[in-house]
Amino acid sequence: HITAPDEEGLDCLDQCLDTLPPDDREIAIAYYEFSGRERIENRKRLAEKFSLSANALRIRALRLRTLLKECVDECLARAGGR
């Protein structure tokens, strides 16, 4: 279940994104942009840019998402937010 992030959550997400290497940061952000046909085309371009298969891109994006979730959860716990 996903809830809308509050300001504290967004601050933590920004901090966590800043810890990623530039390529990983770009993938983590761009992979979840758009919807429908635009999303498909965007992911094709992203995979091509990073010389990855569609499956490898998906796996990398999911790993980054997990890493970011753990980082945000830790950040919020330190801040007493959740």
Open item on the list: Using a 1.4 Å probe on the protein heavy atoms, what percent of the accessible area of the chain belongs to carbon and sulfur?
Closed with: 53 percent
Open item on the list: Could you tell me the relative contact order of the chain? Use alpha-carbon pairs under 8 Å, at least six residues apart, and round to a whole percent.
Closed with: 38 percent
Open item on the list: Please list, ordered by chain and number, the residues whose modelled amide H lies under 5 Å from the amide H of Tyr31; skip anything fewer than 5 residues away on the same chain.
Closed with: none
TODO: Can you sort Arg60, Arg37, Arg65 by 1.4 Å-probe accessible area, starting with the largest?
DONE: Arg37, Arg65, Arg60
Open item on the list: Test of the criteria: in the chain, which GluC sites (Glu not before Pro) are in a DSSP loop and have at most 14 other Cβ atoms within 10 angstrom of their Cβ?
Closed with: Glu33
- [ ] First measure r as the distance between the Cβ atoms of Asn55 and Glu33, then evaluate 1/(1 + (r/R0)^6) with R0 = 22 Å and state the FRET efficiency to the nearest 0.05.
- [x] 0.70
- [ ] Counting only heavy atoms of the protein chains, get the accessible area per residue of the chain (1.4 Å probe) and round it to a whole Å² value.
- [x] 72 Å²
Open item on the list: Keeping all protein chains in the complex and leaving out DNA, RNA and ligands, what accessible area do you get for Cys71 with a 1.4 Å probe, in Å² to the nearest 10?
Closed with: 40 Å²
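The values are calculated or read from the model by the stated rules, or taken from the named source; none is laboratory data. What you see is a predicted model, and the numbers here were worked out from it, not measured in a lab. Backbone-built Cβ (ideal geometry, glycine too); neighbour counts: all protein chains shown. We work out accessible area using only protein heavy atoms, side chains counted, and drop any ligands, DNA or RNA first. Shrake-Rupley method; radii C 1.70, N 1.55, O 1.52, S 1.80 Å.
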